[in-house]
Amino acid sequence: DRGVDVDGVGIDEGHALVHQAIDDPSAQDAGSRGELPARVHTEAFLGVLDPERAAYAAAWAVASGDANEFSGEPSLTAVRLLAVLGETRLLLGLAIAPSTVNADVTAEVIRSLAPVPMEYLESVFEELSGSENEAIIVALADLASSLPASPSVTRLVGDLLSRAPQPEVYAFLASTIVASRRPELVGVLIESLPREMSQKRLRSALDALKS
């Protein structure tokens with residue numbers, strides 16, 4: 001039972017989002033520096049009381065690039081709120097047109113895209129898997145790990161591994177794949193090793209598999 005619904009949004013979900021915004025360590029750090037805008041919490045409460053107004057406010061916060069350099073707020077909470085409100089079409093647009101969105105916020109957007117049809121997710125991966133930002137690449141791996149098993153998902157994971165721009169990013173990917181405990185995804189990692197020419201990447205993969 002999610003509690004009383006307001007336009008289909010669970011009150012309990014809204015309360016959880018409020019507490020997440022308050023308890024988030026990055027938000028607390030920013031708040032201790034006097035950098036956390038009060039509207040971070042206001043947006044979360046709006047999600048409970050007035051979902052439609054909250055969706056507009058959250059969309060504006062994200063699209064305008066209104067994100068603290070250190071905490072990512074209020075945009076991070078806005079993205080989470082949009083996900084709770086089911087605004088996946090808007091989040092999809094933000095993922096593939098992130099020019100005004102910083103990398104950490106884009107990563108949070110990517111993680112929220114699991115409900116999006118695969119035909120669009122494939123385009124997101126094609127657009128972003130060549131990024132040199134490790135936060136975006138790891139977010140793509142997290143997204144893939146949250147999707148139902150399918151040939152498309154295994155192909156996307158294999159492409160992420162082959163296109164990882166730096167050994168450090170590859171190491172994050174390998175760890176994320178192994179941590180997912182998804183046999184078909186771990187299998188993609190293992191099957192890629194005979195073709196891998198980089199000793200650093202091979203060591204990273206082996207270290208992840210041993211963990």
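The values are calculated or read from the model by the stated rules, or taken from the named source; none is laboratory data. Worth saying up front: this structure is predicted, and the values here are computed from it rather than measured. Quick reminder, even Gly has a Cβ in these numbers, built from the backbone with ideal geometry, and neighbours come from all protein chains shown. SASA here: full protein model, heavy atoms, side chains in, ligands and nucleic acids out. Shrake-Rupley method; radii C 1.70, N 1.55, O 1.52, S 1.80 Å.
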Protection proxy (average C-beta count within 10 Å per residue), highest first, orders 191-201, 157-167 as 157-167, 191-201
Can you figure out the FRET efficiency of Arg53 with Ser123, using R₀ = 35 Å and their beta-carbon distance, to the nearest 0.05? 0.70
For the pair Trp60 and Asn133, what calculated FRET efficiency results from E = 1/(1 + (r/R0)^6), where r is the Cβ-Cβ distance and R0 = 25 Å, to the nearest 0.05? 0.55
Measure off, as a whole percent, the carbon and sulfur share of the 1.4 Å-probe accessible area of the stretch 78-136, all protein chains present. 48 percent
With viscosity set to 1.567 mPa s and temperature to 4 °C, compute the Stokes-Einstein D of the stretch 83-161, Rh being the Kirkwood radius across alpha carbon pairs; µm²/s, no decimals. 105 µm²/s
Where labels lie 7 Å past Cα in the beta-carbon direction, separation of Glu196 and Ala97 in nm: 3.8 nm
